[in-house]
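Novice: This structure is in structure tokens; I'll ask about it shortly.
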Amino acid sequence: MATVAIELLKDFLSAIAFVAANAITHDIVVATWVAIAVAILQLGVSLARRESIPALQWLSLVLVISLGSASLITADSRFIRFKPSFVHFAIAVVMLKRGWQLRYMPEIVRTWMTERELVSWGYVWAVGMMLMGVINAAAAQWLDVAGWGLVLTGLLVAKPVLFGVQYASMRTLIARRIANG
């Protein structure tokens, strides 16, 4: 579990830095610059260590720099509200890569579950991210900023809920398989 958390932290470090900087400063411009700096620093460290850079980390870097720069240039609240949809759609595309989740799975999961089952969960996540992008776009289009913020908060909660459903179902399935030998 700790390895999964570390890998996810590495993949989304710049996004986490953005949220933290925005919470501390209440300034989207500062938070955007912090996220861009963290993304570039993280890439530099990985390259200096000659580490393999996974697709989600590359995606995070590209999204932070491109969408962050667009936010800084446009200063348009509509763009800022639609931005999570762009992120969800881009992440969904990466999640369509067969087996993207395998690197996050501990040995016991890879031992007791079939590759087909694990790949299927990756596709569930891809569809979930696409659905979240559509929901955000609809909220950004038809709701005021306060209403959109509530929807976005719900989407943020949906991710750990989906993770919990996946974890619980996989744990239950593996426990049954181990008990049945």
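The values are calculated or read from the model by the stated rules, or taken from the named source; none is laboratory data. In this text the structure is predicted, and so the values were computed from the model without any measurement. FYI the Cβ positions are ideal-geometry reconstructions off the backbone, even for glycines, and counts take in every protein chain you see.
Novice: Would you mind finding the one in A48, A17 that is outside the structural domain of G99 (by TED's automatic domain parsing) and modelled with pLDDT of 85 or more?
Specialist: Details: A17 fails: modelled with pLDDT of 85 or more.
Residue meeting the stated conditions: A48.
Novice: Moving on. Please go through segment 133-142 and give me each residue that is out of contact with any Ser or Thr (no Cβ under 8 Å at 6 or more places or on another chain) and within 29 Å of Q166 (Cβ to Cβ), ordered by number.
Specialist: Quick first cut of segment 133-142, residues out of contact with any Ser or Thr (no Cβ under 8 Å at 6 or more places or on another chain) only: 135, 138-139, 141-142.
Matches in segment 133-142: I135, A138, A139.
Novice: In addition: Could you give me the residue pairs with C-beta distances under 8 Å whose first residue belongs to segment 160-181 and is farther than 18 Å from Y123 by Cα, whose second residue is of a type in the set (V, I, T) wherever it lies, and which are 6+ apart or on separate chains?
Specialist: What qualifies is I174/I108; I174/V109.
Novice: Provide a single number: the residues in segment 39-63 that are β-branched (V, I, T) and more than 16 Å from the chain's Cα centre (by Cα). Show your work before the answer.
Specialist: So the first thing to find is which residues in segment 39-63 are β-branched (V, I, T), and the list is 40, 45, 53, 62.
Next, from what is left, pick out any that are more than 16 Å from the chain's Cα centre (by Cα): 40, 45.
Of the residues in that region, 2 qualify.
Novice: Being in contact with a helix residue (DSSP H, G or I) (Cβ under 7 Å, 6 or more places away or on another chain), loosely packed, with under 12 Cβ neighbours inside 10 Å and either not assigned by TED's automatic domain parsing to the domain that holds I178 or not in a helix (DSSP H, G or I) (or both) is the requirement here; does R98 meet it? Before the answer, list the steps.
Specialist: Working: in contact with a helix residue (DSSP H, G or I) (Cβ under 7 Å, 6 or more places away or on another chain): yes; loosely packed, with under 12 Cβ neighbours inside 10 Å: yes; either not assigned by TED's automatic domain parsing to the domain that holds I178 or not in a helix (DSSP H, G or I) (or both): yes.
Yes: the conditions hold for R98.
Novice: Sticking with this one: Which one is surrounded by the most Cβ atoms within 10 Å (Cβ to Cβ), of the residues in segment 115-160 that are among the aromatic types (F, W, Y) and more than 26 Å from K97 (Cβ to Cβ)?
Specialist: Filtering segment 115-160 for residues among the aromatic types (F, W, Y) gives 121, 123, 125, 142, 148.
Pick out the ones that are also more than 26 Å from K97 (Cβ to Cβ) and you get 142, 148.
Details: W142: 10, W148: 21.
Among them, the one singled out is W148.
Novice: All but one of (1) of a type in the set (A, V, I, L, M); (2) buried (at least 16 other Cβ atoms within 10 Å of the Cβ); (3) at pLDDT 80 or above hold for A37; state the number of the condition that does not hold.
Specialist: Tallying (1) of a type in the set (A, V, I, L, M); (2) buried (at least 16 other Cβ atoms within 10 Å of the Cβ); (3) at pLDDT 80 or above, A37 fails exactly one: (2).
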